[in-house]
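Novice: Can you keep this structure in mind? I'll have questions shortly.
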Amino acid sequence: MTGTRWLAEYAWLPDRAEPTADVLIEAEDGRITTVTPLGGTGTPTAGVEVLGDATRLPGLTLPGLANAHSHAFHRALRGRTHARGDFWSWRTAMYDVAARLDPDSYLALARAAYAEMALSGVTCVGEFHYLHHGPDGTPYADPNAMGAALVEAAAQAGIRLTLLDTCYLTATVDGEPLAGPQRRFGDGDAQRWADRASAFTAGRAHALLGAAVHSVRAVPAQQLATVAGWADRRGAPLHVHLSEQPAENDACRAAHGRTPARLLADHGVLGPGTVAVHATHPTSADVTLLGDTGTGVCLCPTTERDLADGIGPARRLAEAGVALSLGSDSHAVVDLFEEARAVELDERLRTRRRGHFTPAELLVAATAAGHAALGWRDAGRIAVGDRADLVTVRLDSARTAGVPPVGAFFAATAADVASVVVDGRQVVADGRHLSVDVPRELRTAIEAVTR
Ligand SMILES: [Zn+2]
């Protein structure tokens, strides 16, 4: 790959409270080699002569956005589950789709879903993957065929992926066996999960392998340490759904006499390499525990809103020292700008006050913290040595015209993303994906699994 130069009208550089005007960014072999602010903080200078060969990026250029929590197949449920019910009735509809997928249809659906993410500025996704086996629980000839389909889907969509291979063994916190559509999630026990996961070599430059505990419902307490140890030995990220529903807390207290966070901590699951997803209903002691152990939290506000989960204590978590990242989870919405501003706006609804998070804090949650949560510590900042992920947002759309660049997270939507560069390679230009017809492929892939 040859070197490339871009001139960003505005770029949001690390540790800056707001974007900088006129920034020259150069990259070679997919890494940023120089970052040069040319003009200071004033109006961008039009047409700097010496930069004739640089690609101009009008608007605001951000580091790559990281979608730290995804279940790709949930994209097929968008708009289909709204009649009634709660999280648990939604889950029944979700299982209907899960039952219909095979490696080929999953590749098609995930490719389209990841391409939609690319269009929205996502350069890396964390796929929390538990559809491991055939519908009745029988492994495929390649027991990692479904994971391999997801790795390939991300490659075809042009983004990086961390495959969070998920251990999912039981249906309830007191050990009910998996039944019906859940059977394909299970490996039998944590050691067999580890054996299968160890046999999978992502083997591709765009992919990393991590681990996940589905939840305290799905992995018996005595087996949690097996999953945690596997991730720890490999230095791999470890994710876990935590306290998304009060019912999970109640069941865990009844079975184990402690909260889910305390149970996970007691079995070595929490720590600096771990990310708790949701953390919508933690106790005050849980919040302290997450902070003290260095555990991160991935908030998924649009999904938590869609599923009527509740509002997580984002500011209290941040005060406790928890690194916050963002995920679109069920893909009811794929728009990291919406996820980011929801972190602030949901706090406003709860407290009836404004000003809980600065725009720069929201930027970090959507970028560097998300990439770090997925094990890519060299991504998410426009800085020398980092991966050349550049996401450019229009400042001249109907939504963003007249908005100061620092206000982008409160104005822009995914539809305002004009250009996306991943590892130095252009994936989206003029708001179009260069290799995937995203609406057409989404429609075809979703029809195939919902008929
Ligand atoms: Zn999830």
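The values are calculated or read from the model by the stated rules, or taken from the named source; none is laboratory data. Keep in mind that what you see is a predicted model, and the values were worked out from it rather than measured. Cβ coordinates were reconstructed from backbone atoms using ideal geometry, including for glycine residues, and neighbour counts include every protein chain displayed. These area figures cover heavy atoms from the full protein model, side chains too; ligands, DNA and RNA do not enter into them. Shrake-Rupley method; radii C 1.70, N 1.55, O 1.52, S 1.80 Å.
Novice: Let me spell it out: the conditions are (1) buried (at least 21 other Cβ atoms within 10 Å of the Cβ); (2) on the phi < 0 side of the Ramachandran plot, and D423 meets all of them except one. Which number is the exception?
Specialist: Against the list (1) buried (at least 21 other Cβ atoms within 10 Å of the Cβ); (2) on the phi < 0 side of the Ramachandran plot, D423 comes up short only on (2).
Novice: Could you list, in sequence order, all residues of region 404-420 that are of a type in the set (A, V, I, L, M) and open to solvent by 10 Å² or more (accessible area, probe 1.4 Å)? Before the answer, list the steps.
Specialist: First, the residues of region 404-420 that are of a type in the set (A, V, I, L, M): 406, 408, 411-412, 414-415, 417-418, 420.
Those that are of a type in the set (A, V, I, L, M) and open to solvent by 10 Å² or more (accessible area, probe 1.4 Å): V406, A411, A414, A415, A418.
Novice: Let me ask something else. Working only within region 323-342, note down all residues that are more than 15 Å from the ligand (Cβ to nearest atom) and either of a type outside the set (A, V, I, L, M) or open to solvent by 10 Å² or more (accessible area, probe 1.4 Å) (or both).
Specialist: Result: A323, L324, D335, F337, E338, R341.
Novice: Let me ask something else. Got a sec? Which of T392, T400 is outside any loop (DSSP other than H, G, I, E, B) and open to solvent by less than 10 Å² (accessible area, probe 1.4 Å)? Walk me through how you get there before you give the answer.
Specialist: Numbers: T400 fails: outside any loop (DSSP other than H, G, I, E, B).
Of the residues listed, the single one that is outside any loop (DSSP other than H, G, I, E, B) and open to solvent by less than 10 Å² (accessible area, probe 1.4 Å) is T392.
Novice: For A113, work out the one condition from (1) within 15 Å of the ligand (Cβ to nearest atom); (2) within 30 Å of I25 (Cα to Cα); (3) out of contact with any His (no Cβ under 7 Å at 6 or more places or on another chain) it doesn't fulfil.
Specialist: (3)
Novice: Read through the list (1) open to solvent by less than 10 Å² (accessible area, probe 1.4 Å); (2) more than 22 Å from D102 (Cα to Cα); (3) not in a helix (DSSP H, G or I), then give the number of the only condition that A212 fails.
Specialist: Evaluating A212 over (1) open to solvent by less than 10 Å² (accessible area, probe 1.4 Å); (2) more than 22 Å from D102 (Cα to Cα); (3) not in a helix (DSSP H, G or I) leaves (2) as the failure.
Novice: Quick one: in region 123-162, of everything that is among the aliphatic types (A, V, I, L, M) and within 16 Å of the ligand (Cβ to nearest atom), which residue is surrounded by the fewest Cβ atoms within 10 Å (Cβ to Cβ)?
Specialist: L131
Novice: Something else: Sort through A118, A99 and tell me the only one that's more than 16 Å from the ligand (Cβ to nearest atom), in contact with a helix residue (DSSP H, G or I) (Cβ under 7 Å, 6 or more places away or on another chain) and under 30 Å from R399 (Cα atoms). Outline the logic, then answer.
Specialist: Details: A99 fails: under 30 Å from R399 (Cα atoms).
Answer to the selection: A118.
Novice: Output the residue which, of all residues in region 266-320 that are open to solvent by 50 Å² or more (accessible area, probe 1.4 Å) and at pLDDT below 95, is nearest to the ligand (Cβ to nearest atom).
Specialist: D306
Novice: Could you count how many residues in region 90-109 are part of a loop (DSSP other than H, G, I, E, B) and open to solvent by 50 Å² or more (accessible area, probe 1.4 Å)?
Specialist: 2
Novice: Is there a residue being open to solvent by less than 10 Å² (accessible area, probe 1.4 Å), in a loop (DSSP other than H, G, I, E, B) and farther than 15 Å from I159 by Cβ anywhere in region 347-365?
Specialist: no
Novice: Mind listing whichever residues of region 172-193 are surrounded by fewer than 21 Cβ atoms within 10 Å (Cβ to Cβ), of a type in the set (G, A, S) and either without any contact (Cβ under 8 Å) to a residue 12 or more places away in the chain or not in a loop (DSSP other than H, G, I, E, B) (or both)?
Specialist: Scanning region 172-193 gives A179, G180.
Novice: Pick from region 227-261 the residues that are of a type in the set (D, E, K, R) and crowded, with 20+ Cβ neighbours inside 10 Å: which of them is farthest from the ligand (Cβ to nearest atom)?
Specialist: E248
Novice: Within region 61-89, which residues are touching a residue at least 12 places away in the same chain (Cβ under 8 Å), of a type in the set (S, T, Y) and either in contact with an Asp or Glu (Cβ under 7 Å, 6 or more places away or on another chain) or open to solvent by 10 Å² or more (accessible area, probe 1.4 Å) (or both)?
Specialist: S70, T81
Novice: Something else: Kindly indicate whether any position in region 376-396 is more than 25 Å from I32 (Cβ to Cβ), free of Cβ contacts under 8 Å to residues at least 40 places away in the same chain, more than 16 Å from the ligand (Cβ to nearest atom) and of a type in the set (K, R).
Specialist: Checked region 376-396: no residue is more than 25 Å from I32 (Cβ to Cβ), free of Cβ contacts under 8 Å to residues at least 40 places away in the same chain, more than 16 Å from the ligand (Cβ to nearest atom) and of a type in the set (K, R).
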